[in-house]
Structure formats: C-alpha cells, structure tokens
Amino acid sequence: MPNRTRVGIFASLCVLIAVAATATAQEPKIVAALAFTEGPTVDRDGNVYFTEVIGQRIMKLGTDGMLSIFRENSNVANGLLVDAENRLVACEGASFERPGTKVSGKPRVTRTDLKTGKIEVLADNYAGQPLIGPNDVTMDSKGRLYFTELSGAAVYRIDAPGSLTRILAAPDIQSPNGIQISPDDRTLYLVEANSKPGGARLIRAYDLQADGSVTNMRVHYNFFPGRSADGMSIDVEGNLYASAGLNQLRGTTETLDNKAGVYVISPQGKLLKFVPIVEDTITNNAFGGKDMKTLYITAGKNLYQITTDIAGLPR
C-alpha cells in the first residue's frame, strides 16, 4: 500500500517543493529532488509518479504539492507508465550502477492498482528464459504495452498478462532505451543509447503494423557523437520530446556536442525546439496537468516541470 507520510528533508534526499513564480513558460522549475530520478508518469487525477532508482522507491508528487513514498522496495523500478485504466506499469529489476553504488533486482514488468496497491506481474520471462532487465515502457491506443531491455538488446510487446512477443532483438538493435508510439499508432520510435565507441546514439523509427509488429526501420534523429536520448514522450501532433545530452563528460566516448535538455523533434525528424536542463544526468519526461501541457522532466536528483504549447499524450 502507498506510504502517504510526508518525506522529510535529510542529507541528499531533500524535498524542494519550491516553484519560482516568476519563471517563464520555458524555464524549467524544480518541483522535487531526490538521489537519482527516473521514469515520470502522471495518473488521470494529475498525481506524478517517478522512480528514485538508487533508493529503490517509487515517489508520488500529489496535486497538492505533497511528496510521498508510493512504494518502498521498488525492485529497482525505472520506467513507469499509467495505463488507460489508471494502473501503474513499472519496468523493474535491471542492474543499475553509479560510482560507488550498484543495485539489482528481479527483472519483470508489473502493474499496480493505484487504489489498493495490489501488484500484478505482467512479464518476467520470455520463452522460459528470465528477462534481463526491463527499462522503459509505452502503450498504443489498444492498450498493448511495449517495453525495452537496454542490456538485453530487445523490445517486447505485452498483449495480456503472460502474453509476451519479442518484436526486436540484436543484432538489429544495440542498446534500446526510450520508446514511444505515434498518436495514430502507425509509427514506433526507439532510442538507441550505446555509449561504446561507434555505438548507435539515435532514434529509430519503424512502421507499426496492426498486429503490433514493426517493419521499415529508418533513422529518425541522430545524436552521435554526443549522448543519445534516454526516455521520451510525445504530443498530440506527433512531436517527440527526447531527454538527451550531457553538460559534463562521464568517462564514455560520448561528447558534449549535445547539451543536456529536452529535444523537441517533429514527425519528419526535424529539431523544433531545445529546452536546456542545467543538471546531469537528464533521464526522462512525461506529460501531465489538467490540459496535458505540463511536461515533467527527471534529471540528476531533480524533478522539473515546464509548460508546453501543445498538449501531450499519456503514453
């Protein structure tokens, strides 16, 4: 069950529910701060859920500005999604490592009833073999779920609990991370985030078929040699909002050609807008708010928000 108690201010896990009233529409505002934030999503009431990966918790920022712990011992939950029936889907168990810290859990995709807290396992194996580490998740208008395995180099579709189909795998893909589907369900977008020498750092686009399979891969947007995107969201006009780039080198072959921020990319693959984020490492974003024009962004220890001109989709 969710822990509704207020999170206190202590050490690096501090709550910063301070919003600058003078900020303009495109100036990111900090609404919460923890150790390492990821995977934001918003329920139909406007509550924001996001993961604190190192501390293995799922956090909830209520519409009243109160920050609480929704779930302790999150099994290294990362990417989140609130589905069409207002249930919280979580990618769990992938190994996560930062200098001096490594956490891991049981790889699986779960679905949680937001009212009761009951957890249902949607997938934990494929063809009898355990999953390697679900990372990020999205859905189409039919309610089918699509999730990535970054270290497993695979993309899966969940049609129903226990009904799992692998739609992409190595060597066709390298390090799949963020994933999104166009408003008309006809295009699947996939982030490649391979930081190794010569690795793919780009967004792929595929034709999404009615049966949930994909064909006709093409490069939609290339971040190489800089850091690729991590997660991304999409608006009602089909523009992608990709959290990408770095402000400081981090010991990989990624360059600083792409500064950290949100890259707004058109359906034609053109960069329309860039919203800088001052903190590393930017990870993900999701739309919410009454008019779906508030974009919540996870980066480093912070949860930011900006106002957008176009409404987003809850995917």
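Here residue 66 passes the criteria (1) on the phi < 0 side of the Ramachandran plot; (2) in contact with a Ser or Thr (Cβ under 8 Å, 6 or more places away or on another chain); (3) hydrophobic (A, V, I, L, M, F, W, C) except the one numbered (2). Return the residue satisfying two criteria in turn: it lies in the stretch 273-315 and is basic (Lys, Arg) and surrounded by 19 or more Cβ atoms within 10 Å (Cβ to Cβ), and of such residues it is modelled with the highest pLDDT. Within the stretch 273-315, the match that is modelled with the highest pLDDT is 315.
Scanning the stretch 27-76 for residues that are in contact (Cβ under 8 Å) with a residue 24 or more places away in the chain and basic (Lys, Arg) gives 29, 44, 60, 71.
Restricting attention to the stretch 221-277 and to residues that are among the charged types (D, E, K, R) and under 19 Å from residue 37 (Cα atoms), the residue that is farthest from the chain's Cα centre (by Cα) turns out to be 250. Residue count for the stretch 196-213 satisfying the condition of being closer than 19 Å to residue 146 by Cβ, over 21 Å from the mean Cα position of the chain (by Cα) and not small (Gly, Ala, Ser): 3.
In the stretch 143-201, which residue that is in contact with a Pro (Cβ under 8 Å, 6 or more places away or on another chain) and not in a strand (DSSP E or B) is farthest from residue 124 (Cα to Cα)? That would be 182. Considering only the stretch 59-76, I want to know if a residue exists there that is within 16 Å of the chain's Cα centre (by Cα), at pLDDT 90 or above, part of a strand (DSSP E or B) and more than 22 Å from residue 293 (Cβ to Cβ). Yes, that holds for at least one residue.
Please verify whether the stretch 125-136 includes one or more residues that are under 23 Å from residue 52 (Cβ atoms) and aliphatic (A, V, I, L, M). Yes - at least one qualifying residue is present in the stretch 125-136.
The values are calculated or read from the model by the stated rules, or taken from the named source; none is laboratory data. Just so it is clear, the structure is predicted and the values come from calculations on it, not from any experiment. As a convention, Cβ positions derive from the backbone with ideal geometry for all residues, glycine included, and neighbour counts pool all protein chains shown.
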